[in-house]
1. Of the numbered conditions (1) within 30 Å of residue B:10 (Cα to Cα); (2) crowded, with 18+ Cβ neighbours inside 10 Å, residue A:10 fails exactly one; give the number of that condition.
2. If a residue has to be out of contact with any helix residue (DSSP H, G or I) (no Cβ under 8 Å at 6 or more places or on another chain) and assigned to a strand (DSSP E or B) to count, how many in the range B:78-111 make the cut?
3. Please work out which one of (1) within 18 Å of residue B:19 (Cβ to Cβ); (2) surrounded by 15 or more Cβ atoms within 10 Å (Cβ to Cβ) is the condition residue B:78 fails and give its number.
4. If I go through the range B:49-75 residue by residue, how many of them are under 19 Å from residue B:18 (Cβ atoms), in a loop (DSSP other than H, G, I, E, B) and without any contact (Cβ under 8 Å) to a residue 40 or more places away in the chain?
5. Considering only the range A:18-64, how many residues are part of a strand (DSSP E or B), free of Cβ contacts under 8 Å to residues at least 40 places away in the same chain and either facing another protein chain (nearest Cβ under 8 Å) or over 23 Å from residue B:89 (Cβ atoms) (or both)?
6. When you check residue B:51 against the structure, is it at pLDDT 95 or above and either away from chain A (no Cβ under 11 Å) or closer than 18 Å to residue B:69 by Cα (or both), yes or no?
C-alpha cells in the first residue's frame, strides 16, 4: 500500500464552476477526513467519515460543499459554484478507528479559482 | 470550544541548538494531543502523540509532555539537525474525533 492518494494534485477553475476531488485512503482504514489548508494556516477540519457514514461536518462548511464515501472506500469532495475564497489546498487523511487514531495524510489537491 | 495556539515563526537555529516550540490548547473534555511535521515538498506526517495527562510522546529525538494543568504540549529537541528543517503543527483530537490544528511553526536549521 502506497498511502493516501488524492486526485487531481492541482485544479484551476473559473469562478462559478463545479469541481470534484477524489481521495483514496489506505485500504484498511475505515475513517476518512477532509481538511482545507490556506497559506500560513494549519489544516481546517471539514468533515469525516467512518466507513460510508458521514459522522461530523464543520459548521464552516457551506451548502456548496458536499462529500461522499459511497462504499466506504474512496471519497469525493465536490464544491459547487466555486468562489475565489475556495482557493486552498484540500487535504485528505485516513485512519483506523482503534488504536491511537494516527492520521495518514495525502499530498493534497491545490485548488485555484480564477 | 476547541483550539490550538502555537508560537509563531519562523524559527531559525544553528545546528545542535536546543529547540522549543510552544503549544497551548483549549478543549472541552480530555483531548488527545499531537505534533505533525511537514518537510519541504511532502505531506503532513505524525511526529508524536500523547493521549492523557502527563504522557510524554517522543520520536526522532523530539519530545512533548501533555500538561493538563497548563494546557500545554510544548515540542522540544535537545540538538537539532539541518534535516529537522520543516513546518511543525500542534493538533488536538476531541471526543468527537475532530482534529484542530495550530497555524504551524516554520523551523530552519542552519549548519
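1. Result: residue A:10 fails condition (2) only.
2. 14
3. (2)
4. 2
5. 7
6. Considered against the rule, which asks whether it is at pLDDT 95 or above and either away from chain A (no Cβ under 11 Å) or closer than 18 Å to residue B:69 by Cα (or both), residue B:51 comes out as no.
Residues are listed down the side, and each one gets a yes or a no for (1) surrounded by fewer than 20 Cβ atoms within 10 Å (Cβ to Cβ); (2) more than 11 Å from chain A (Cβ to nearest Cβ):
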{"site": "B:2", "(1), (2)": "yes, no"}
{"site": "B:9", "(1), (2)": "yes, no"}
{"site": "B:27", "(1), (2)": "yes, yes"}
{"site": "B:63", "(1), (2)": "yes, yes"}
{"site": "B:88", "(1), (2)": "no, no"}
{"site": "B:110", "(1), (2)": "yes, yes"}
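For (1) more than 13 Å from residue A:20 (Cβ to Cβ); (2) modelled with pLDDT under 95; (3) touching a strand residue (DSSP E or B) at 6+ places or on another chain (Cβ under 7 Å), each residue gets a yes or a no:
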{"site": "A:77", "(1), (2), (3)": "no, no, yes"}
{"site": "A:83", "(1), (2), (3)": "yes, no, yes"}
{"site": "A:95", "(1), (2), (3)": "yes, yes, yes"}
{"site": "A:102", "(1), (2), (3)": "yes, yes, yes"}
{"site": "A:110", "(1), (2), (3)": "yes, no, yes"}
{"site": "A:114", "(1), (2), (3)": "yes, no, yes"}
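The values are calculated or read from the model by the stated rules, or taken from the named source; none is laboratory data. These numbers were taken from a predicted model, which means no experiment stands behind them. Heads up, the Cβs are rebuilt from the backbone with ideal geometry, glycines too, and the neighbour counts pull from every protein chain shown.
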